[in-house]
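Q: Quick one: this structure, given as structure tokens, is what I'll be asking you about.
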Ligand SMILES: [Zn+2]
Ligand SMILES: [Zn+2]
């Protein structure tokens, strides 16, 4: 399979051109509406999602001038969804307008995408790590659902987070059902949970903790606050199943059962008729994910626009326990980096056991993918 054997954290942490860090100067994620995006979810909603997902500043970029838009190459014949934007051409144009303080720029469009030179007749999205530019399309997401529906937002939000995660150097996931699984079609794409598995969450966490965009006083990533923010986002936008799934992850992080919101409890309450069945024993609360030691990490190498690698940032130091918002979750003896929560299969299964059919089981990666990551 094309996505095998995956990208273990050990390999992800090795210095090299696959790593991409925000810096004190280039620290912002920019979201760029490309052309007419009136049918897309509100840009404020998308920027909020990115901010919660990556714990970085996110800014909406001004639309590109008409001259720049006109310079983008298109395949006029298309593939059933009108003329298609050629991704490499669009990425070059976006790169030419990349703001100076941008870590990455993520463009989105309501036009269909393709990459003829690579033989892809259509693409959900393409991420170019060399340019730190991602581009994705919502053109195929409203065929069977209204554009005002939570499902449409879910499709758009998932591809957004997927492509942007590629720009952190994270490859397709083969470890669990995860938003970073590769997908060949919409059904496969939708069957993924709107969440990162522990392996990929750890990659984001390590990248941000090592980058220290606010200098040495940068607090470590607060995984609990991140997850709570995402659950609140899902609740606010009608993504009920994703909110429930997110609460399961919160439980895994805290070791405590996460209460459903009042409305959800009322909706799930059994009808008061007939003899009530015997109450099942309360489920065991999941064990908390443990914070890992940063000891043993190699000095960082950050990616330069030229493609060359140059040491730039301070070597990571061990995180002071007193400053960590998850300090109370830390194991008495932090496990070595090789022993990650993701390697605890029982915990992984527990945290990612989903109430939705079709979301449990091995990741669905097959040869070929409709998402190019280079
Ligand atoms: Zn994953
Ligand atoms: Zn991908």
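The values are calculated or read from the model by the stated rules, or taken from the named source; none is laboratory data. As the structure is a computational prediction, the values presented were derived from the model and not from experiment. Cβ sites come from the backbone with ideal geometry, for glycine too, and all protein chains shown count toward neighbours.
Q: Which residues, taken from the range 165-174, are surrounded by fewer than 23 Cβ atoms within 10 Å (Cβ to Cβ) and more than 9 Å from ligand 2 (Cβ to nearest atom)?
A: Once the filter is applied, which keeps residues that are surrounded by fewer than 23 Cβ atoms within 10 Å (Cβ to Cβ) and more than 9 Å from ligand 2 (Cβ to nearest atom), the range 165-174 yields 167, 169, 174.
Q: Might you let me know whether the range 135-154 holds any residue that is buried (at least 20 other Cβ atoms within 10 Å of the Cβ), over 20 Å from residue 40 (Cα atoms) and within 16 Å of ligand 2 (Cβ to nearest atom)?
A: So far as the range 135-154 goes, no, none of its residues is buried (at least 20 other Cβ atoms within 10 Å of the Cβ), over 20 Å from residue 40 (Cα atoms) and within 16 Å of ligand 2 (Cβ to nearest atom).
Q: Now for a separate question. I'd like the full set of residues that are out of contact with any helix residue (DSSP H, G or I) (no Cβ under 6 Å at 6 or more places or on another chain) and not in a loop (DSSP other than H, G, I, E, B), limited to the range 47-58.
A: Listed by number, the residues that qualify are 47, 48, 50, 51, 54.
Q: Could you list all residues from the range 192-225 that are without any contact (Cβ under 8 Å) to a residue 40 or more places away in the chain, away from ligand 2 (no atom under 16 Å from the Cβ) and within 14 Å of the chain's Cα centre (by Cα)? Don't jump to the end; show me each part of the working.
A: From the range 192-225, those without any contact (Cβ under 8 Å) to a residue 40 or more places away in the chain are 196, 200-201, 205, 217-218; that's our starting set.
The next check asks that each one be away from ligand 2 (no atom under 16 Å from the Cβ); those that pass are 201, 205, 217-218.
Result: 201, 205.
Q: Something else about it: Just checking, does the range 144-161 include any residue being under 21 Å from residue 242 (Cα atoms), modelled with pLDDT under 90, away from ligand 1 (no atom under 16 Å from the Cβ) and not in a helix (DSSP H, G or I)?
A: no
Q: Let me ask something additional. Can you tell me which residue in the range 106-122 is farthest from ligand 2 (Cβ to nearest atom), limited to those that are in contact with a helix residue (DSSP H, G or I) (Cβ under 6 Å, 6 or more places away or on another chain) and closer than 20 Å to residue 20 by Cβ?
A: Out of the qualifying residues, it is 107.
Q: Give the residue, chosen from 125, 182, that is within 14 Å of ligand 2 (Cβ to nearest atom), in contact (Cβ under 8 Å) with a residue 12 or more places away in the chain and over 28 Å from residue 26 (Cα atoms). Before you say what the answer is, go through the steps one by one.
A: Working: 125 fails: over 28 Å from residue 26 (Cα atoms).
One residue alone meets the criteria, 182.
Q: Would you check which residues across the range 162-198 are more than 12 Å from ligand 1 (Cβ to nearest atom) and in contact with a helix residue (DSSP H, G or I) (Cβ under 6 Å, 6 or more places away or on another chain) and list them?
A: Once the filter is applied, which keeps residues that are more than 12 Å from ligand 1 (Cβ to nearest atom) and in contact with a helix residue (DSSP H, G or I) (Cβ under 6 Å, 6 or more places away or on another chain), the range 162-198 yields 168, 183, 194.
Q: It is to be established whether one or more residues within the range 11-31 are touching a strand residue (DSSP E or B) at 6+ places or on another chain (Cβ under 9 Å), farther than 23 Å from residue 212 by Cα and surrounded by fewer than 16 Cβ atoms within 10 Å (Cβ to Cβ).
A: Of all residues in the range 11-31, those touching a strand residue (DSSP E or B) at 6+ places or on another chain (Cβ under 9 Å) come to 15-23, 26-31.
Applying the additional criterion that residues be farther than 23 Å from residue 212 by Cα yields none.
Scanning the range 11-31, I find no residue that is touching a strand residue (DSSP E or B) at 6+ places or on another chain (Cβ under 9 Å), farther than 23 Å from residue 212 by Cα and surrounded by fewer than 16 Cβ atoms within 10 Å (Cβ to Cβ), so the answer is no.
Q: Can you name the residue in the range 229-247 that is surrounded by fewer than 18 Cβ atoms within 10 Å (Cβ to Cβ) and out of contact with any helix residue (DSSP H, G or I) (no Cβ under 6 Å at 6 or more places or on another chain) and, of all such residues, is nearest to residue 43 (Cα to Cα)?
A: Ranking the candidates gives 236 first.
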